[in-house]
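The values are calculated or read from the model by the stated rules, or taken from the named source; none is laboratory data. Please read these numbers as outputs of a predicted model, since none were measured by experiment. Neighbour counts run over all protein chains shown; Cβ positions are idealised from the backbone, glycine included. With ligands, DNA and RNA removed, areas are computed over all heavy atoms of the protein, side chains included. Shrake-Rupley method; radii C 1.70, N 1.55, O 1.52, S 1.80 Å.
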Amino acid sequence: MWRSCFLVAVLTGSVFPVSGFSNGKVTVACGDMMPRHGDGPSPAPPPFSITVDTASFTPGDNITVTLQEASSTPTYFRGFLIEARDAGKPNSLAVGSFLLTDPQESQLLQCGQTQGSGVSHRRSSRKTRIQAVWEPPNNPPQRVQFLATVVREYKVFWVRMEGPVVSLHGATAAPSTPSTAAPPPTSSPPPLSEPFSSAGCGLSKSCLRDPVGCHPESDPACFFLSFVTDQQGGSVTFELSGPAEGYLAFALSLDKWMGNDDVYMCVSDGGSVTISAAYVSGRTYPEPAIQQDLWGRAWRLADGLIQCRFQRKIILPHADGRFNLSQSYFLFLANGRSQQGFIHRHDRQPLISSNQKEITGPPEDLGGSRSPLLIKIHGVLMLTVWMWMVSTAIFIARHYKNVWPEKTVLGQKLWFQLHRTMMVLAVLLTAVAFTLPFIYRMGWSKHAGSHPYIGCTVMVLSLIQLIMGALRPAPDSPRRIIFNWMHLVTGTAGQVLAVACVFLGVSQQALLLPSPSSPAVLAVWLVWTLLAHLLLQIHSCTLRREGSDREHICSAQSWRQQPEEKSNIKKIVFVVFLLGNTAFLVAFITTIASV
């Protein structure tokens with residue numbers, strides 16, 4: 001009983017590891033200069049400044065760039081990234097190259113087409129000042145601006161701080177943008193006049209919806225993606241809608257793994273929506289793509305919804321990493337938070353279409369899931385093992401040794417054969433389920449919190465328990481008491497940690513069962529198990545007291561040395577316990593299948 005009670009006490013904590021780029025190898029952030037820390041930049045004014053030693057240059061000159069404190073108030077920074085860009089095209093690639101003045105604290109990166117076009121920290125030590133020398137390219141832009149991202153602590157940083165602008169000798173004022181030029185990606189497209197509609201899904205346009213069959217015009221919780229080829233057949237119109245605090249995005253992918261994907265984002269930014277294209281080369285921040293490939297952009301913000309529309313040519317021969325829309329792809333639909341136009345990692349597992357879809361193919365009403373099949377199987381197996389199989393095996397060993405004292409199967413008592421068989425199967429199924437997330441992730445998950453760590457511990461304890469059971473000494477052996485205690489301690493630890501792991505598992509992003517209903521049902525199941533154990537304990541103690549003229553003191557030992565019961569209460573409780581556990585398990589399997 002104390003083991004069951006202890007289950008409740010350990011379900012309150014978890015550990016969430018973080019990772020960063022303390023070594024300064026931040027090439028992945030060269031495009032947007034945004035740290036991959038999972039948080040947005042600090043809203044406070046940056047306490048640092050960028051200075052240069054000259055206001056003009058010619059090819060072959062050297063310009064000393066200094067990043068330092070902006071005021072007399074002492075402060076420091078740990079990480080940084082400095083780039084030089086065309087002042088007229090701040091979203092273009094870095095230009096020129098740097099030379100190091102302090103190689104102990106800084107290093108060169110390739111942030112453009114030239115090695116050394118960016119400079120970053122080498123280690124996360126505290127710094128108050130850093131310098132580097134910039135060399136202009138052979139054909140420099142007329143005006144160059146220095147930009148810097150500065151990290152003081154993991155969650156305290158400033159992005160793309162604007163430094164001074166230096167001009168090429170003889171250059172005039174900034175050239176005006178021709179009237180035919182496409183708007184920059186930060187310009188806001190016009191608002192939509194009315195919400196999107198699901199009318200025509202599967203008939204005149206292809207749609208991907210979550211929940212299945214929802215209507216974006218009437219359901220505020222509907223995630224919606226539609227696309228249709230124009231009548232001339234040269235472009236595709238996309239519509240994206242859903243409840244989101246910061247952004248909606250969809251991606252075209254050749255597989256069901258994030259990486260090497262063509263991404264399109266609608267990001268809420270100060271009362272408007274920025275619609276842009278990007279490319280994801282791995283599980284990294286999206287790298288901006290050429291925005292002029294999108295047109296007909298429009299958006300709508302209303303009642304917590306983000307809606308956007310744009311068009312794109314079917315074939316973009318000049319764009320690296322952009323997909324041909326006449327081919328088939330898996331569709332990813334994701335949402336998350338943003339801050340000052342910078343997106344955070346999505347809070348939920350993306351909705352992924354069940355099958356590949358040819359974008360310019362016949363209209364279809366597509367289905368999808370936010371939970372990969374391997375993760376669903378992992379959840380079903382683990383719940384079957386720990387919610388039903390293990391709890392039943394422990395229930396039998398603890399309370400039913402004396403209910404079937406004379407019944408034997410293959411030379412062993414019935415309760416022991418049931419207990420042993422169920423426990424062996426539990427270890428085998430746990431081992432199978434244990435491997436599935438590693439197969440899906442192709443390695444270790446960095447965003448699953450303490451769940452995988454606890455799961456590994458449970459797997460080790462299960463194997464130890466299986467080995468100890470196979471090597472157990474005879475009942476009359478002097479080493480039997482050692483085995484009994486080790487069996488009890490290892491089994492208790494495994495069960496406690498497994499139940500904690502189940503509670504953490506239902507909220508994992510790759511599964512994400514409905515909340516708060518799923519944790520609440522798990523809690524009801526745990527209370528149900530405790531009450532069943534408590535009822536049989538009280539029943540056994542009562543019978544023993546009656547057999548001892550009410551003078552016997554009920555002890556823990558009495559659980560294992562009960563007289564044979566004449567009452568059918570235990571048998572009734574056992575049937576009800578099995579039915580209850582089965583009902584809880586079926587409810588969870590049904591829920592997992594539906595997500």
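For this structure, a couple of remarks:
- Using heavy atoms of the protein chains and a probe of 1.4 Å, the accessible area assigned to I572 is about 110 Å².
- Virtual spin-label span in nm between T421 and A221, 7 Å along Cα→Cβ: 4.3 nm
- Cα-based helix-to-principal-axis angle, 390-399 vs the chain, degrees rounded to 10: 20 degrees
- Only the Cβ atoms of Lys and Arg (+1) and of Asp and Glu (-1) were treated as charged; on that basis the dipole of the chain about its Cα centre amounts to roughly 2300 debye.
- Degrees between helix 451-470 axis and first principal axis of the chain (Cα, 0 to 90, nearest 10): 30 degrees
- Residue-span extension gain [V165 to S193] - 0.36 nm each, minus C-alpha spacing: 6.0 nm
- Beta bridges from DSSP with both residues in the chain: antiparallel share about 95 percent, rounded to the nearest 5.
- Distance between modelled label sites at D476 and A55, nm, 7 Å Cα→Cβ extension: 10.4 nm
- If R0 equals 41 Å, the separation of the Cβ atoms of R123 and L579 corresponds to a calculated FRET efficiency of about 0.10.
- The mean sequence separation of alpha-carbon pairs under 8 Å and at least six residues apart, normalised by the residue count of the chain, gives a relative contact order of 12 percent.
- Calculated FRET efficiency for the pair Q231/S326, C-beta based, R₀ 22 Å, to 0.05: 0.85
- V28 versus Q412: modelled label distance in nm, points set 7 Å from Cα along the beta carbon direction: 4.9 nm
- For the chain, the fraction of 1.4 Å probe accessible surface lying on carbon and sulfur atoms is 59 percent.
- Of the residues S120, T408, L325, the one whose Cα sits farthest towards the positive end of the charge dipole of the chain is T408 (charges of +1 on Lys and Arg Cβ, -1 on Asp and Glu Cβ, taken about the Cα centre).
- Matching label, Cα extents along the principal axes in Å computed from the structure shown, candidates [x] 147, 66, 57; [y] 110, 62, 38; [z] 75, 62, 48: [y]
- Whole-angstrom Cα spans of region 88-163 along principal axes, big to small: 37, 23, 18
- Helix 373-383 and the longest principal axis of the C-alpha atoms of the chain enclose an angle of approximately 30°.
- Gyration tensor over alpha-carbon atoms, region 268-425, equivalent ellipsoid semi-axes in Å: 56, 19, 14
- Å² of accessible area per residue within the chain, as computed with a 1.4 Å probe and no ligands counted: 48 Å²
- Cα convex hull volume per residue for region 243-352 (Å³): 98 Å³
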